[in-house]
Amino acid sequence: MFIMPVSAEEVKVAGLELVFPTNHRVFRRADDYFEKKFKTHFGRNSQTCAKVWSEVTKLEWLLERTHQKPQLKHFLWCMNFMHAYRTEGEACTMFDCDEKTWRKWTWVYATAISKLTAKYVKFEDRLIGDTQDVCTMTVDGTDFKIWEPRPFSKEQNKIWYSSKFKGAGVRYELAIAIKTGEIVWINGPFPCGWGPDLKIFNQTLKTCLLPFEKIMADRNYRDSDKAYTKCHVEKYEDDTHETITKEYAAIAILLARHETVNGRFKEFGCLNQVYRHERSKHHILFSAVAVIIQIEMRHGGRPVFDTAAAAYADPILNYHY
């Protein structure tokens with residue numbers, strides 16, 4: 001099924017007409033005013049949304065699931081749902097629709113976006129621009145709030161407990177390529193109390209690494225032979241104090257970039273607020289958000305900051321990132 005491409009301007013107009021039923025174009029405003037209004041309600045700029053919409057409409061799954069032509073209106077509902085995470089009553093009042101209809105289409109398009117994960121989040125992309133460095137990725141776990149499990153039990157609460165926000169949560173493992181700054185691995189969800197970040201890493205990601213390959217991470221991974229942290233810097237006795245200081249600073253910059261990406265996930269209300277839907281669907285929203293963030297970094301004019309200034313020297317091969 002062929003769908004005519006939609007420009008960023010057309011997406012912006014469609015979104016604003018959903019939010020402001022009256023003709024918003026009669027007001028004398030600068031173009032960036034309407035772009036800001038669009039982003040306020042849909043989370044990302046019109047350029048990013050247009051690209052995501054273009055990719056979603058190419059999915060055969062969407063046609064098989066809905067048996068009708070994709071509607072931009074339903075896609076924008078989904079973007080608002082993930083960004084604002086309003087209750088159904090609030091959202092349906094705002095967009096003048098039935099709760100059942102809202103529920104159906106927001107989850108259909110969230111699932112459709114998550115189907116793009118295999119295309120946009122590729123583990124092999126960590127080797128783009130490879131110069132035979134040992135460390136190819138930064139890795140960290142990130143927690144998200146969920147409702148307390150019911151019925152209450154001490155054992156269940158312990159499994160889901162997150163010490164970061166003193167309540168129930170799920171944890172995902174996220175890897176960012178050092179060379180490109182893009183997401184190359186997502187793994188989860190895991191109950192926050194199931195184990196530390198290192199346990200999650202050892203279960204799957206560690207087994208996927210090449211024999212010489214290591215990850216860069218924070219001190220939570222210091223006991224792994226496949227991780228390089230600040231704790232490992234001082235083990236190289238030949239390094240001078242100046243070299244160690246530079247490596248500390250370089251690692252800090254790379255890990256700060258990772259936290260920047262983590263923070264972009266929390267810009268979405270469905271991941272920042274307490275998740276109130278079925279736990280089995282949480283991974284759909286996380287994967288969809290990961291795809292949107294990846295597309296935003298590539299096509300939406302919002303890449304993560306460049307780490308070239310870090311001049312990080314590889315600990316073994318002495319190559320520079």
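The values are calculated or read from the model by the stated rules, or taken from the named source; none is laboratory data. Keep in mind it's a predicted model, so treat the numbers as computed, not measured. Neighbour counts run over all protein chains shown; Cβ positions are idealised from the backbone, glycine included.
What number of residues within the range 100-142 are among the acidic types (D, E), in contact with a strand residue (DSSP E or B) (Cβ under 8 Å, 6 or more places away or on another chain) and buried (at least 22 other Cβ atoms within 10 Å of the Cβ)? Qualifying residue count, the range 100-142: 1. Can we say I146 is modelled with pLDDT under 95 and either loosely packed, with under 15 Cβ neighbours inside 10 Å or on the phi < 0 side of the Ramachandran plot (or both)? Here the answer is no, as I146 does not meet what is asked. Checking K58, K39 one by one, the residue that is assigned to a helix (DSSP H, G or I) and modelled with pLDDT of 90 or more is K39 and no other. With respect to the conditions (1) at pLDDT 95 or above; (2) surrounded by fewer than 16 Cβ atoms within 10 Å (Cβ to Cβ); (3) of a type outside the set (F, W, Y); (4) closer than 17 Å to R279 by Cα, P151 lacks only one, and its number is (1). Within the range 65-86, residues that are of a type in the set (S, T, Y) sit with their Cβ atoms under 6 Å from residues that are assigned to a helix (DSSP H, G or I), at 6+ positions apart or across chains, in these pairs: Y85/G269; Y85/C270.
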